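Please read the structure below before turning to the comments.
Please treat every number below as a calculation from the coordinates, not as lab data. Note that this is a predicted model, so its numbers are computed, not measured. Here Cβ is always computed from backbone atoms with ideal geometry, including for glycine, and neighbour counts include all displayed protein chains.
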Amino acid sequence: MLQKRITGRRMMLAAGLAAGALATPLAAGVASAAPETTAPETTQTTPAAKTLDATQQTPTVGLSRSGAMIAGGFVAPLAAAAVADDATVIWLEPMPKDACATTLSDAMVAVTWTNTSTHRTADTTFAACRDGKPALSPALETGSGTLKLTVTVLGKGGDTFTLTPGTATLHR
């Protein structure tokens, strides 16, 4: 059932991104952090986005603490979309559904990616959430091919940290 919900959300993502530019993701719950769309500010055509299959992954798992006490935990699968011929955006789909308002509210996501087809590699860091909702990465110039990603969540002052880094393999 979760796979069916994920597939439905991804289809909505692709249709929505084709009509407008990327903004911030929704945070309506598990596997629903697909980016919203906004009307383009210019008459320039926005390229159609293609949701990437992110089923080959191990989600990032982590905790937050307050003093010496554990204050919360999270599991954060990765989602991705191809937004241009050579650009990819990613975001987390954290659980529990209120993780962006609590555990991950001030956390950052560190991603290292490698395109095994072209041997291009890079890394980026971006906010895990904005306004209580999952945030998009900047456009990653990954190119086409097989992408291998490693994801770590970094917290403010060491109060949120990754227990198990996430890994994902995407094909674009």
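Karplus-derived 3J(HN,Hα) values for segment 102-119, using 6.51 cos²θ - 1.76 cosθ + 1.60 with θ = phi - 60°, are 10, 4, 9, 4, 10, 7, 10, 10, 10, 10, 10, 10, 9, 8, 6, 7, 10, 6 Hz; glycine and proline are entered as x. Amide H contacts under 5 Å for residue 167: 58, 151, restricted to partners 5 or more places along the chain or on a different chain, H placed in the peptide plane at 1.01 Å from N. A crude spin-label estimate for the pair residue 163 and residue 110, with each label 7 Å from Cα along the Cβ direction, gives 2.0 nm. What aspartates and glutamates sit close enough to residue 133 to cross-link, taking a C-alpha to C-alpha distance under 19 Å and skipping anything fewer than 8 places away on the same chain? Straight-line reach from residue 133, under 19 Å: 36, 93, 98, 106.
The packing ranking, built from the mean of other Cβ atoms within 10 Å per residue, places the peptides 100-110, 53-63 in the order 100-110, 53-63, highest first.
Under 5 Å between amide hydrogens, built in the peptide plane, is the criterion, and for residue 72 it picks out 64 among residues at least 5 positions away or on other chains.
Across segment 71-86, coupling constants 3J(HN,Hα) worked out from phi with the 6.51/-1.76/1.60 Karplus curve, θ = phi - 60°, read 9, x, x, 8, 10, 10, x, 9, 10, 8, 9, 8, 10, 7, 4, 10 Hz, and Gly and Pro carry x. Near residue 135, the amide H atoms lying under 5 Å from its own belong to 92, 129, 130; only residues 5 or more places off or on other chains count, and H is placed 1.01 Å from N.
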